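First up is the structure itself, then whatever we jot down about it.
The values are calculated or read from the model by the stated rules, or taken from the named source; none is laboratory data. What you see is a predicted model; the values in this text were computed from it and never measured. Cβ: placed from backbone, ideal geometry, glycine included. Neighbour counts: every protein chain shown.
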Amino acid sequence: MNLEPINQTKLYAFFEEFNQLIKLHKEKKLPNKILLSGPKGIGKCTFAYHLTNHILSYDDEFPYDLKNFRIDEKNRYYKLNLNGSNPNVILIDIENGKKNIEINQIRNLINNLNKSSFNSKERFVLIDNIEYLNLNSINALLKVIEEPNPGIHFILIDNNKNILPTLTSRCIKFNLFLSHSESLSICEKLISKDFQEIINNELLDYYFTPGKVYNLFKFANENKIDLVEINLKELMNMIINENLYKKDNTIKYLIYDLIELFLSKNILPKSYNFFDYFKNEINKTKKFNLDEESLFIKFKSKLLNG
């Protein structure tokens, strides 16, 4: 089971927004700087891949199926995306083991965009997790995003974080959102199973999105964890004790989600100040990319096993 956005051939939500953007493109009014904003894991990057595929594959032998919001697996641009050789779609994201989208990534992007295109089709730059652009990266990006070359579109993906207005003010913003029932429905379609059969209810948060649930299942499968039998405390202790969050960014994001889930489930009147303290520490650690290890150890000793 591989549910990374680049692999997804089916779009499960945001059909109205999708049709709106397609209409704008047909009318030659598609903004060249789009900001997709919403909670992490709801399918914003998948949405962007589907949008670019539809636009690029008008004349493909296996074009995008707009009626069913589906990409044909034989579609040329889909296959080019999978092997990382699509000349018309460039993805920028935080690299594994890094804390920021670094300025060298933006410099390489600028060099790429200054080269002649391989064909006459439009080019799309997808920048995921833009909250991880550092100040230098943002300043470098602003220079190229201010007046993009003809035929180049930027699609920025924001996870409802505080982004510098100098960047967001240059984009047309589209807010994407899933209700809790929509999230559960999409999760069960993706996994093809009933949640109650494969996951402990204690591990499900009301605000968990399909992407977050998928990452939880992926992590459990890779580490041979039974999500029905293990409880929240046991799972968090395992991740912290074995330093599993250092393996990749996905697990680091997961432990943050689990900490916030633990806090929301265990707030007592006498503990408000304590929980507020840890929520503030989490926000500071994320915002300023501080050392996670000290935060996790402190959380474990004071709350998890306190």
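Given the options Leu56, Leu133, Leu141, name the one that is under 20 Å from Lys10 (Cα atoms), of a type outside the set (Val, Ile, Thr), outside the structural domain of Glu293 (by TED's automatic domain parsing) and crowded, with 16+ Cβ neighbours inside 10 Å.
Going through Leu56, Leu133, Leu141 in turn, just one is under 20 Å from Lys10 (Cα atoms), of a type outside the set (Val, Ile, Thr), outside the structural domain of Glu293 (by TED's automatic domain parsing) and crowded, with 16+ Cβ neighbours inside 10 Å: Leu56.
Could you tell me whether Asn96 is touching a residue at least 60 places away in the same chain (Cβ under 8 Å), in contact with a helix residue (DSSP H, G or I) (Cβ under 8 Å, 6 or more places away or on another chain) and in a loop (DSSP other than H, G, I, E, B)? The answer is yes for Asn96. Does segment 102-150 hold any residues that are under 12 Å from Ile92 (Cα atoms) and acidic (Asp, Glu), and which are they? Within segment 102-150, Glu102, Asp128 meet the criteria. Can you find a residue in segment 170-185 that is within 19 Å of Ile259 (Cβ to Cβ), of a type outside the set (S, T, N, Q), over 16 Å from the mean Cα position of the chain (by Cα) and surrounded by 20 or more Cβ atoms within 10 Å (Cβ to Cβ)? No, every residue in segment 170-185 fails to be within 19 Å of Ile259 (Cβ to Cβ), of a type outside the set (S, T, N, Q), over 16 Å from the mean Cα position of the chain (by Cα) and surrounded by 20 or more Cβ atoms within 10 Å (Cβ to Cβ).
Can you spot a residue in segment 183-195 that is of a type in the set (Ser, Thr, Tyr), at pLDDT 85 or above and on the phi < 0 side of the Ramachandran plot? Looking through segment 183-195, at least one residue is of a type in the set (Ser, Thr, Tyr), at pLDDT 85 or above and on the phi < 0 side of the Ramachandran plot. As for segment 194-211, it holds no residue that is acidic (Asp, Glu), out of contact with any Leu (no Cβ under 6 Å at 6 or more places or on another chain) and surrounded by 12 or more Cβ atoms within 10 Å (Cβ to Cβ). Filtering segment 29-53 to residues that are surrounded by 20 or more Cβ atoms within 10 Å (Cβ to Cβ) and either more than 23 Å from the chain's Cα centre (by Cα) or of a type in the set (Gly, Ala, Ser) (or both) leaves Ser37, Gly38, Gly41, Gly43, Ala48.
Please find, within segment 1-15, the residue that is modelled with the highest pLDDT out of those that are within 13 Å of the chain's Cα centre (by Cα) and outside any loop (DSSP other than H, G, I, E, B).
Ile6
Residue-by-condition table, conditions (1) among the acidic types (Asp, Glu); (2) under 18 Å from Ile6 (Cα atoms); (3) modelled with pLDDT of 95 or more; (4) not assigned by TED's automatic domain parsing to the domain that holds Glu292:
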| site | (1), (2), (3), (4) |
| --- | --- |
| His50 | no, yes, yes, yes |
| Glu61 | yes, no, yes, yes |
| Lys67 | no, no, yes, yes |
| Asp72 | yes, yes, yes, yes |
| Leu80 | no, yes, yes, yes |
| Val89 | no, yes, yes, yes |
| Asn112 | no, no, no, yes |
| Ser120 | no, no, no, yes |
| Arg123 | no, yes, yes, yes |
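Looking across segment 201-240, the residues that are over 23 Å from the mean Cα position of the chain (by Cα) and without any contact (Cβ under 8 Å) to a residue 24 or more places away in the chain come down to Asn201, Lys224, Ile225, Asp226, Glu234, Met238.
Say we look at segment 252-303 and pick out the residues that are within 19 Å of Ile230 (Cβ to Cβ) and more than 24 Å from the chain's Cα centre (by Cα); which of these is modelled with the lowest pLDDT? Residue satisfying both the conditions and the ranking: Asn266. If you filter segment 125-143 down to residues that are farther than 19 Å from Gly38 by Cβ and modelled with pLDDT of 90 or more, you find that the one that is nearest to the chain's Cα centre (by Cα) is Val125. The number of residues in segment 77-87 being surrounded by 20 or more Cβ atoms within 10 Å (Cβ to Cβ) and part of a loop (DSSP other than H, G, I, E, B) comes to 1.
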